[in-house]
């Protein structure tokens, strides 16, 4: 789970922005809100709370960023995309997945 994506902020976000995003999402998905008694809202609120508990403390955020950076591959090798079971690797189209500066996933054929 990407904690920054859970709160809808970038990894470069200031602590004030993270706090504001948490407060907005908490008001939107809080289970005590009318119409918010579903299990989906409770699960979303638990993920929001977990993300904020890590990103709100500077030392926890630094540790998370270090682990996130260590897990990210340095080079994204082309992957083979097979559309059907009968397709072989020889005639399948390779595609490359990358992330842009805003953290969005892009696939290039």
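Derivation of every value follows stated rules applied to the coordinates shown; laboratory data play no part. All of these numbers come straight from a predicted model, not from anything done at the bench. Cβ atoms come from the backbone with ideal geometry, glycine included; neighbour counts cover every protein chain shown.
Stretched out straight at 0.36 nm per residue, the stretch from residue 38 to residue 60 would grow longer than its current Cα-Cα span by 4.9 nm. Compared with the alpha-carbon gap, the fully stretched path from residue 49 to residue 70 is longer by 5.2 nm at 0.36 nm per residue.
Rounded, prolate or oblate, given the Cα gyration tensor of the range 1-70, with a/c below 1.5 counting as rounded? Prolate, since a/c reaches 1.5 and a/b exceeds b/c. Each residue in 45, 1 was given a count of other beta-carbon atoms within 10 angstrom of its own, and listing them fewest first yields 1, 45.
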